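Readers should treat all values here as calculations from the given coordinates under stated rules, not as data from a laboratory. Since this is a predicted model, take the numbers as computed values, not measurements. Positions of Cβ are backbone-derived with ideal geometry, glycine not excepted, and every protein chain shown enters the neighbour counts.
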C-alpha cells in the first residue's frame, strides 16, 4: 500500500474530486426494480445509473439513465441479457 501511494505521488496523478449525490430511481410503468444485490449501479464517472427492471412475468431488462435527468429519460438496452 505504501508503494502505491508513493508511486501515485511521484507520477503526478490527478486528484479525484468526490461529491455526494442523492437521487431517486423509478422504474418505467408496469415494471419494478428487484430487491437484490447489484440491481443498480452508478458509472465510475458518476453521470449515469444502470438498473435492472422486471415485468410481472419475470422478464428482466437493463435500463440506463443519466443522473441529472428524469426517469422519463431512461432508455432500455435492447441487446442486454440479464441473468
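A few points about this structure:
- Order of 63, 75 under a 10 Å beta carbon neighbour criterion, fewest first: 75, 63
- Between residue 23 and residue 64, the simple spin-label model (points 7 angstrom out along Cα→Cβ) gives 1.3 nm.
- Fewest-first ranking of 49, 77, using other Cβ atoms within 10 Å as the exposure measure: 77, 49
- Separation in nanometres of the label points that stand 7 Å from Cα toward Cβ, at residue 55 and residue 78: 1.6
- Listing 73, 45 from fewest to most neighbouring C-beta atoms within 10 Å gives 45, 73.
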